[in-house]
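Data block below; observations after.
The values are calculated or read from the model by the stated rules, or taken from the named source; none is laboratory data. All values reported here derive from a predicted model rather than from experimental measurement. Positions of Cβ are generated from backbone atoms using ideal geometry, with glycine treated the same way; all protein chains shown enter the neighbour counts.
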Amino acid sequence: MPLQFTFDHLFGGKNLSGNALVSIVSAGMSKFGRREGLYGRELFVEAASEAFERCPNLDPQKDIKAAFIGMMGESFEHQGHTGPTILDWIGLLPTQAFRTEGACGSSATAIRCGIFAVLSNLADVVLVGGVEKMTHRATADVTEYLAMACDFPFEQWNGLTFPGLFAMVATAHMHKYGTTEEQLASVAVKNHHHGCMNPKAHMQKEITLEKALSSRVVAWPLKLYDCSLITDGASCLILTKPELARKFTDTPVHIIGSGQASDTIGLYERRELTSLKVGKLAAKEAYRMAGLDSLDIDVAEVHDCFTIAEIVAYEDLGFCKQGEGGRFVEEGQSQIGGKVAVCTSGGLKSKGHPVGATGAAQAYEIFLQLTEQAGKRQVKGAEVGLTHNVGGLGATGVVNVYSRG
Ligand SMILES: CC(C)(COP(=O)(O)OP(=O)(O)OC[C@H]1O[C@@H](n2cnc3c(N)ncnc32)[C@H](O)[C@@H]1OP(=O)(O)O)[C@@H](O)C(=O)NCCC(=O)NCCS
């Protein structure tokens with residue numbers, strides 16, 4: 001039985017492996033950035049090659065029984081039918097392939113589908129991941145393609161785009177809780193600092209609070225450094241049943257809790273602008289399955305598509321009380337060495353946000369952290385990790401909790 005919800009386990013002496021839904025036995029990620037002259041499928045080859053090389057006991061052709069690939073839109077590369085396209089390029093034909101779509105949460109939903117496949121016993125070993133090639137398009141086009149993940153008749157039609165939508169969340173948060181522009185900028189300063197320690201990050205550049213605050217306004221109060229980057233990249237994981245994990249590696253990472261929820265696509269239909277219901281619900285489910293709570297998390301990758309989104313994530317995940325997210329980051333509680341190290345990879349802000357690849361890239365970072373392969377940004381002694389990936393303005397939300405094997 002792979003599923004054992006034994007809440008009597010002891011943590012720090014507790015056997016978290018007993019709660020494993022699935023195990024990650026390998027992971028790969030392309031360099032994120034402006035990858036001129038390459039197609040998305042070539043970036044996926046980079047990610048898959050790393051995952052295959054990292055796991056010499058895996059025979060990809062023979063062992064992998066299904067693949068789930070997240071990609072947001074056909075428009076970027078004028079290419080659909082992503083599943084077989086990718087599998088052809090990584091040498092996995094004729095394995096069954098599926099594309100998953102959940103806007104910026106597309107590859108987190110691929111991970112969820114992989115979990116379903118393994119737990120159903122229909123596939124022992126699966127590849128899950130995502131890809132997006134964006135930078136060859138003009139910013140105005142990218143903005144329009146991304147906006148397709150918000151409501152058409154009431155939002156897109158009236159000229160709303162994601163910077164504008166998240167700006168409304170930010171102004172509501174400022175109004176209700178007194179959150180400041182400095183606190184928003186603190187998220188950017190932290191994530192740029194973390195990104196400098198990640199050789200695969202799109203932007204490896206320290207910034208100061210003054211620089212972030214004086215950058216040009218994109219949609220007030222959000223400025224250039226409050227926005228995630230338009231990035232090219234791909235990422236993937238190999239998942240299997242916990243009881244098979246040691247056939248492939250001595251250092252698996254287990255997914256011990258997982259939750260996903262949906263909400264209205266339109267922000268205008270929500271009662272609450274200052275938190276994302278999907279984040280709260282998915283976290284509640286993931287913590288319940290894991291038998292843990294927010295205090296147990298050592299390292300987390302959260303969806304910082306705009307700086308306000310990271311502040312909202314702290315609150316929705318229970319890292320701090322509602323309304324205190326601004327202070328939490330300002331006090332340094334979310335930096336490496338703080339209460340919980342958040343976005344050690346540099347996050348979407350500095351590592352970059354190739355939308356379809358983001359969810360699996362977050363899991364890649366947690367895999368590195370929990371297997372002590374995160375180099376200069378390693379969180380010492382990290383035992384439990386979390387990923388929080390959101391699609392659109394929280395119409396999709398996925399939270400996973402991970403433990404060392
Ligand atoms: C913020 C944004 C509009 C800037 O795009 P732009 O105005 O076309 O900027 P450019 O590409 O011309 O870049 C100008 C400079 O700013 C830098 N830059 C671009 N975006 C940046 C960002 N988000 N953060 C920091 N620097 C950024 C570039 O590297 C470049 O620097 P350089 O002059 O030293 O080379 C764009 O990055 C954006 O739309 N981000 C959000 C993406 C998004 O919505 N994702 C989905 C979230 S739900």
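Hey, any hits in the range 169-181 for a residue that's more than 16 Å from the ligand (Cβ to nearest atom), of a type in the set (Phe, Trp, Tyr) and in contact with a Gly (Cβ under 8 Å, 6 or more places away or on another chain)?
We begin by selecting, within the range 169-181, every residue more than 16 Å from the ligand (Cβ to nearest atom); these are 171-180.
Next, only the ones that are of a type in the set (Phe, Trp, Tyr) stay: 177.
Imposing the further condition that a residue be in contact with a Gly (Cβ under 8 Å, 6 or more places away or on another chain) reduces the set to 177.
There is at least one residue in the range 169-181 that is more than 16 Å from the ligand (Cβ to nearest atom), of a type in the set (Phe, Trp, Tyr) and in contact with a Gly (Cβ under 8 Å, 6 or more places away or on another chain).
Could you check how many residues of the range 26-54 are within 11 Å of LEU127 (Cβ to Cβ) and out of contact with any Asp or Glu (no Cβ under 6 Å at 6 or more places or on another chain)?
Within the range 26-54, the first condition is being within 11 Å of LEU127 (Cβ to Cβ), and the residues that meet it are 26-28, 44, 47-48, 51-52.
Applying the additional criterion that residues be out of contact with any Asp or Glu (no Cβ under 6 Å at 6 or more places or on another chain) yields 26-27, 44, 47-48, 51-52.
Result for the range 26-54: 7.
Looking at the range 292-327, which of its residues are of a type in the set (Gly, Ala, Ser), more than 19 Å from GLU272 (Cβ to Cβ) and under 15 Å from the mean Cα position of the chain (by Cα)?
ALA300
Scan (1) in contact with a Gly (Cβ under 7 Å, 6 or more places away or on another chain); (2) at pLDDT below 95 for the single condition LEU237 breaks and write down its number.
The number of the failed condition is (2).
Among the residues of the range 337-349, is any over 19 Å from the mean Cα position of the chain (by Cα), polar (S, T, N, Q) and in a loop (DSSP other than H, G, I, E, B)?
no
What strands (runs of 3 or more DSSP E) completely inside the range 208-282 contain at least 2 residues that are within 16 Å of the ligand (Cβ to nearest atom) and surrounded by fewer than 23 Cβ atoms within 10 Å (Cβ to Cβ)?
217-219
Would a scan of the range 182-202 turn up a residue that is surrounded by fewer than 21 Cβ atoms within 10 Å (Cβ to Cβ), of a type in the set (S, T, N, Q) and at pLDDT 95 or above?
No, that holds for no residue.
Which members of the range 69-117 meet the condition of being acidic (Asp, Glu) and more than 19 Å from ALA51 (Cα to Cα)?
Those that are acidic (Asp, Glu) and more than 19 Å from ALA51 (Cα to Cα): GLU74, GLU77, GLU101.
With the structure loaded, tell me whether GLU77 is more than 24 Å from GLY259 (Cβ to Cβ), in a helix (DSSP H, G or I) and either of a type in the set (Gly, Ala, Ser) or more than 16 Å from the ligand (Cβ to nearest atom) (or both) or whether it fails that test.
Values: more than 24 Å from GLY259 (Cβ to Cβ): yes; in a helix (DSSP H, G or I): no; either of a type in the set (Gly, Ala, Ser) or more than 16 Å from the ligand (Cβ to nearest atom) (or both): yes.
The answer is no for GLU77.
Return the total of residues in the range 190-207 being within 14 Å of the ligand (Cβ to nearest atom) and in contact with a Phe, Trp or Tyr (Cβ under 8 Å, 6 or more places away or on another chain).
4
Could you please give the count of residues in the range 142-160 that are touching a residue at least 40 places away in the same chain (Cβ under 8 Å) and either closer than 18 Å to CYS305 by Cβ or in contact with a Pro (Cβ under 6 Å, 6 or more places away or on another chain) (or both)?
Final tally of qualifying residues: 8.
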